Amino acid sequence: NKQCFNDGYHIGHHLKPHMHWTDMPGDFVKNIDKYAENKALVFEGVDYNQIWAMLMFKRYHSLADHLVNINGMYRSREDAITLMKVRTRKF
């Protein structure tokens with residue numbers, strides 16, 4: 001993240017457009033409960049290109065391997081996969 005201006009905390013830019021990129025990790029930790037309440041999809045150990053490819057090929061199980069279960073918000077891996085499928089379905 002530090003090598004790319006904390007791009008991994010990109011949602012913080014949308015929530016607070018004027019926040020400096022160095023403040024994003026602290027803001028994320030400060031608001032971790034809100035992310036959990038909204039069942040935020042947070043991944044670690046994977047970059048945007050890999051996430052895109054897994055989504056395009058519907059590799060939800062592979063994505064689940066990188067999903068951070070904040071505050072235990074997902075009861076199971078299958079619950080997390082179901083949520084990913086719901087959020088990526090055509091509308």
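The values are calculated or read from the model by the stated rules, or taken from the named source; none is laboratory data. Computed from a prediction, not measured in an experiment: that's the story for all the values here. Cβ: placed from backbone, ideal geometry, glycine included. Neighbour counts: every protein chain shown.
What the table shows:
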{"read-out": "Whichever residue in region 65-84 is polar (S, T, N, Q) and surrounded by 12 or more Cβ atoms within 10 Å (Cβ to Cβ) and, among such residues, is farthest from the chain's Cα centre (by Cα)", "value": "T82"}
{"read-out": "Qualifying residues in region 31-64 (those that are among the hydroxyl-bearing types (S, T, Y) and either in a loop (DSSP other than H, G, I, E, B) or at pLDDT below 95 (or both)) - the one surrounded by the most Cβ atoms within 10 Å (Cβ to Cβ)", "value": "Y35"}
